[in-house]
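First comes the structure, then the notes that go with it.
The values are calculated or read from the model by the stated rules, or taken from the named source; none is laboratory data. Note that the coordinates shown come from a computational prediction; the quantities given were computed from them, not determined experimentally. As a convention, Cβ positions derive from the backbone with ideal geometry for all residues, glycine included, and neighbour counts pool all protein chains shown.
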């Protein structure tokens with residue numbers, strides 16, 4: 001009798017980019033900054049705007065939420081303060097509705113450029129979403145790795161915003177947290193790492209099909 005293979009117990013797949021090979025500095029000394037910080041219990045806040053009310057360049061907010069709003073709601077609110085910006089997103093997964101809202105930002109000019117660092121399973125799980133991102137932002141817009149880091153950078157000539165969060169770019173009905181600040185040092189530190197990933201990873205993988213990704217992971 002032939003035993004069926006458990007689809008969950010698949011062979012281990014290597015990431016497209018090995019994060020251990022990064023050459024970016026491992027220590028980045030922060031410049032002395034006079035910045036206020038507020039710790040906010042946002043579980044009773046009605047929306048993202050209420051949760052970050054009063055935020056500006058000189059204020060860092062740590063918020064603890066009950067998921068009344070999503071990461072995309074937070075991004076939308078922050079962009080309302082900063083104005084049009086370049087965006088970088090690192091996430092494990094994303095939902096169709098949230099990606100649609102970001103793509104709508106492009107047509108309105110709110111987002112001027114975007115890059116996405118996603119987990120290596122993203123292409124396999126949601127190939128249609130990955131393709132939509134490439135269609136709008138170009139085939140060079142996505143890089144993949146074994147990624148669970150979740151943060152968003154919003155950058156223009158006036159702001160260097162970093163949102164660090166437990167939220168993926170989808171709806172999660174559970175406790176979540178976020179830190180919002182305008183921090184040039186931290187943004188520069190993260191962009192050095194991500195720019196190295198973009199430079200070293202093969203751009204041809206941006207156009208690969210799910211099957212081609214599988215083959216690449218198995219043979220590299």
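Confirm whether residue 122 is at pLDDT 85 or above and closer than 22 Å to residue 70 by Cα.
In short, no.
Scan segment 102-112 for residues that are touching a residue at least 12 places away in the same chain (Cβ under 8 Å), closer than 20 Å to residue 128 by Cα and surrounded by fewer than 16 Cβ atoms within 10 Å (Cβ to Cβ) and jot them down.
Step one: of segment 102-112, the residues touching a residue at least 12 places away in the same chain (Cβ under 8 Å) are 102-103, 105-106, 109-112.
Next, only the ones that are closer than 20 Å to residue 128 by Cα stay: 102-103, 105-106.
The answer is 106, and nothing else.
Could you tell me which residue of segment 83-105 is farthest from the chain's Cα centre (by Cα), considering only residues that are within 15 Å of residue 142 (Cβ to Cβ) and assigned to a helix (DSSP H, G or I)?
For segment 83-105, the residue satisfying everything is 103.
Considering 159, 151, which residue is at pLDDT 80 or above, surrounded by 14 or more Cβ atoms within 10 Å (Cβ to Cβ) and more than 17 Å from the chain's Cα centre (by Cα)?
159
Suppose we filter segment 130-147 for residues that are closer than 28 Å to residue 68 by Cβ and touching a strand residue (DSSP E or B) at 6+ places or on another chain (Cβ under 7 Å); how many remain? It would help to see each step written out before you state the result.
First, the residues of segment 130-147 that are closer than 28 Å to residue 68 by Cβ: 132-133, 147.
Of the ones still in play, those that are also touching a strand residue (DSSP E or B) at 6+ places or on another chain (Cβ under 7 Å) are 133, 147.
The number of residues fulfilling the criteria is 2.
Within segment 130-144, track down each residue that is buried (at least 19 other Cβ atoms within 10 Å of the Cβ) and farther than 14 Å from residue 86 by Cβ.
Matches in segment 130-144: 130, 133, 142, 143, 144.
Among the strands (runs of 3 or more DSSP E) lying completely within segment 113-193, list those that include at least 3 residues that are free of Cβ contacts under 8 Å to residues at least 40 places away in the same chain.
In segment 113-193, the matching strands (runs of 3 or more DSSP E) lie at 160-165.
Considering only segment 67-80, state which residues are surrounded by fewer than 16 Cβ atoms within 10 Å (Cβ to Cβ) and modelled with pLDDT of 90 or more.
Hit for segment 67-80 is 80, nothing else.
Could you list, in sequence order, the residues of segment 118-128 that are surrounded by fewer than 22 Cβ atoms within 10 Å (Cβ to Cβ) and touching a strand residue (DSSP E or B) at 6+ places or on another chain (Cβ under 6 Å)?
If the condition is that a residue be surrounded by fewer than 22 Cβ atoms within 10 Å (Cβ to Cβ) and touching a strand residue (DSSP E or B) at 6+ places or on another chain (Cβ under 6 Å), then 120 is the only one that fits.
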